[in-house]
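Heads up, the thing below is written out as structure tokens.
The values are calculated or read from the model by the stated rules, or taken from the named source; none is laboratory data. For clarity, every value in this text was computed on a predicted model and none was experimentally measured. Heads up, the Cβs are rebuilt from the backbone with ideal geometry, glycines too, and the neighbour counts pull from every protein chain shown. Keep in mind that these areas ignore ligands, DNA and RNA; they rest on the heavy atoms of the full protein, side chains included. Shrake-Rupley method; radii C 1.70, N 1.55, O 1.52, S 1.80 Å.
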Amino acid sequence: MILLDGKEVVPGYFSDGTFSIKEYVKRDFTPGRSAVLIWRFENNAETLALYYLTKHLRDHGVGEVHLRMPYVPNARKDRARPDEDVFTLKYFAELINSLQFNSVTVLDPHSTVSEALFDRLVVETPKALIEEAAKRYGSQCVVTSADVKRVDGVFRVFAKGGRENTGLEAIEWIRRGVSLISCADDISSINIE
């Protein structure tokens, strides 16, 4: 699903299966125009729709275009064997970078490889997402998670698949999460995983 400034863009299709995207954007080259595209990935066809829509915005004078994609498509393919694997994350990042977004905001880049491949990447904390989900679905339906590892006798929360110590004590993280929602936290111990 792609949203333009909070409004869902619903592409149509011609009989041959190609996109028919209709999105009114006033042709105005006044400096300072900006737009925010939110992409909640559902399928690969949306990549092409995102490409077309971004080009449409630029052609109509929108100078700043920001992309927010909570999930990074192809992030699981962050390594490739040279002779047999298609390095889909790299090529996906090259496509996104070719659109020259002013910022690309993600919740979980999945790895440092993802972080290195995207231009103007902003990694956002999940607090706003937790609050939005609790508001939309009810706090009883939201579960948070923490990767925990013992460091010098203290349980600490780690990010980025256990590679980055956040410096937060696990109990403090759990208190923060539970203060936003009304159900328990899921804790994964990296030490024994």
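Kindly indicate whether any position in segment 184-192 is part of a strand (DSSP E or B), modelled with pLDDT under 80 and in contact with a helix residue (DSSP H, G or I) (Cβ under 9 Å, 6 or more places away or on another chain).
yes
Taking the criterion of being farther than 24 Å from Glu115 by Cβ, of a type in the set (A, V, I, L, M, F, W, C) and open to solvent by 50 Å² or more (accessible area, probe 1.4 Å), would at least one residue in segment 62-78 satisfy it? No, because not a single residue in segment 62-78 is farther than 24 Å from Glu115 by Cβ, of a type in the set (A, V, I, L, M, F, W, C) and open to solvent by 50 Å² or more (accessible area, probe 1.4 Å). Given the options Arg156, Arg136, Arg175, name the one that is of a type outside the set (A, V, I, L, M) and modelled with pLDDT under 75. Within the list Arg156, Arg136, Arg175, the selection yields Arg175. Kindly indicate whether Leu37 is closer than 15 Å to Leu3 by Cβ, in contact with a Phe, Trp or Tyr (Cβ under 7 Å, 6 or more places away or on another chain) and either open to solvent by less than 20 Å² (accessible area, probe 1.4 Å) or at pLDDT below 90 (or both). So Leu37 fails the test.
For segment 101-111, indicate whether the set of residues that are of a type in the set (A, V, I, L, M), out of contact with any strand residue (DSSP E or B) (no Cβ under 8 Å at 6 or more places or on another chain), surrounded by fewer than 17 Cβ atoms within 10 Å (Cβ to Cβ) and over 16 Å from Leu4 (Cα atoms) is non-empty. No, every residue in segment 101-111 fails to be of a type in the set (A, V, I, L, M), out of contact with any strand residue (DSSP E or B) (no Cβ under 8 Å at 6 or more places or on another chain), surrounded by fewer than 17 Cβ atoms within 10 Å (Cβ to Cβ) and over 16 Å from Leu4 (Cα atoms).
Name the single residue that is nearest to the chain's Cα centre (by Cα) among those in segment 149-166 being surrounded by fewer than 18 Cβ atoms within 10 Å (Cβ to Cβ) and within 19 Å of His110 (Cα to Cα). Looking at the filtered set, the residue picked out is Lys160.
Across segment 114-148, what is the total count of residues that are within 30 Å of Phe87 (Cα to Cα), open to solvent by less than 80 Å² (accessible area, probe 1.4 Å) and either without any contact (Cβ under 8 Å) to a residue 40 or more places away in the chain or not in a helix (DSSP H, G or I) (or both)?
Residues in segment 114-148 being within 30 Å of Phe87 (Cα to Cα), open to solvent by less than 80 Å² (accessible area, probe 1.4 Å) and either without any contact (Cβ under 8 Å) to a residue 40 or more places away in the chain or not in a helix (DSSP H, G or I) (or both): 12 in total.
A residue that is exposed (fewer than 10 other Cβ atoms within 10 Å of the Cβ), β-branched (Val, Ile, Thr) and either more than 24 Å from Glu124 (Cβ to Cβ) or in contact (Cβ under 8 Å) with a residue 60 or more places away in the chain (or both) cannot be found anywhere in segment 7-17. Considering every residue within segment 90-108, establish whether at least one is modelled with pLDDT under 80, in contact with an Asp or Glu (Cβ under 6 Å, 6 or more places away or on another chain) and either more than 25 Å from Lys55 (Cα to Cα) or not hydroxyl-bearing (Ser, Thr, Tyr) (or both). The answer is no; no qualifying residue exists. Return yes when Asp85 is closer than 26 Å to Thr125 by Cα and among the acidic types (Asp, Glu) and no when it is not. Considered against the rule, which asks whether it is closer than 26 Å to Thr125 by Cα and among the acidic types (Asp, Glu), Asp85 comes out as no.
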